[in-house]
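Below is one structure, written out as structure tokens, with a few remarks after it.
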Amino acid sequence: MSLRSSRMRYVNDLPIYAAFDEGVIDYPGTLVADVPARLNAMMRDGALDMGPVSAFEYALDADRYVLLPDLCIGAREEIVSVLLISSLPPAVLDGVKIATTKESASGRNLLRILLERRYGVRANFVEVDDPLAHARAGEPAMVIGDAAIDAAFEFPSEQVYDLGSLWRDWTGEQSITAVWVARREIFDARVDEVRACLHALTDAYSWGRANRNRVIALAQSLKPRPPGFYEIYYGKLNFTFHSAAQRGLAAYCRELHALGAIENIPPFVPEVIGVA
């Protein structure tokens, strides 16, 4: 059986996966698309073998996984698709209920880090099915993915707080929302297949960078946005797990540990898996 691989069910992964969607490159495994929280659970339960998981899922149980090189999902400054919507500034949200998505552990914990460690406030997080609806009702809410992009167009700019920008302003580091991993037992037993899948992914990302217009056209067909939006959006994201991204992951893990959200600070340098 081929390796079962995760894939985020948002347009933010298209610079990597568009080559597979367009039939340009074959993926030597099975791709399973879902929201991050569901993919995390499937990876944890052994229903998936490798692929992106939230940065928080990796930090929470790093012994279960092998951190893979080359790819991540993050941002140098603005994430754009991980937002706090609030008529009140973050520094005065102590004790306030914040509606949060069930779809992203990384985003929720990044918001917790910023509120508690940067602003010294403790909010009351409440998971809801549709945090954007709560934001529209005037309640503070954290939204991610395509709903966050919708919110950025809908709400006044003074009510929209990009968590990537807040993190960068505070730490000087990039934000990392997802990393590529393999379950440790899969890596140990089937490293050649893991390597083949990773090579296909990096080839697909190279194709995406060389064919930006096709990536943007695919994104527009899936989720139409105003002209020029995807050029700006994808330009803000980072998909390369280079040293700056690794430092961002390390900083995130250190802050999680300082909060008591994780027991140990995990490795942030990926495994070297060599060539086939």
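What are the equivalent ellipsoid semi-axes of segment 82-171, built from the alpha-carbon gyration tensor (square roots of five times its eigenvalues), in whole angstrom, biggest first?
Semi-axis lengths for segment 82-171 are 17, 14, 13 Å.
Quick one: go through segment 118-148 and flag any residue whose amide nitrogen is under 14 Å from the point 7 Å out along the Cα-to-Cβ line of Asp21.
The answer is 146, whose backbone nitrogens lie closer than 14 Å to the label point.
Place the peptides 129-135, 229-235 in order of packing, highest mean first, counting for every residue the other Cβ atoms within 10 Å and averaging per peptide.
On the way: 129-135: 19.1, 229-235: 16.1.
The most tightly packed comes first, giving 129-135, 229-235.
What Kirkwood hydrodynamic radius, in Å, does the chain give when the mean of 1/r is taken over all pairs of distinct Cα atoms and then inverted? Spell out each step's value before the answer.
Numbers: mean 1/r = 0.0529 Å⁻¹.
With all distinct Cα pairs of the chain included, I get 18.9 Å.
How large is the helix-only mean residue ellipticity at 222 nm for the chain, computed as the sum of -39500 (n - 2.57) over DSSP H runs with n ≥ 4, divided by its residue count, in deg cm²/dmol to the nearest 500?
So the helix-based figure for the chain works out to -13000 deg cm²/dmol.
What are the DSSP H helices in the chain that stretch 20 Å or more along their long axis, judged by alpha-carbon atoms, and whose average Kyte-Doolittle hydropathy comes to at least 0.5?
Values: long enough: 191-210 (28 Å, -0.06); 243-259 (24 Å, 0.07).
Qualifying helices: none.
Among 250-257, 184-191, how do they line up by average Cβ neighbours within 10 Å per residue, starting with the highest? It would help to have the intermediate numbers written out before the result.
Numbers: 250-257: 20.8, 184-191: 15.0.
Highest mean packing first, the order is 250-257, 184-191.
When all C-alpha to C-alpha distances in segment 125-206 are sorted into bins of 5 Å, what percent of pairs does each bin hold, rounded to whole numbers?
Computed distribution, short to long bins: 3, 11, 15, 13, 13, 12, 12, 12, 7, 3, 0.
Using Cα pairs under 8 angstrom and six or more residues apart, how large is the relative contact order of segment 154-276, in percent? Let's see the in-between values first.
Numbers: 52 pairs, mean separation 41.0, N = 123.
Reported relative contact order: 33 percent.
Where a number appears in this text, it was derived from the coordinates with a stated rule and is not lab data. Keep in mind the model is a prediction, meaning the values are calculated, not measured. Note: ideal-geometry Cβ built from the backbone for every residue, glycine included; neighbour counts use all protein chains shown.
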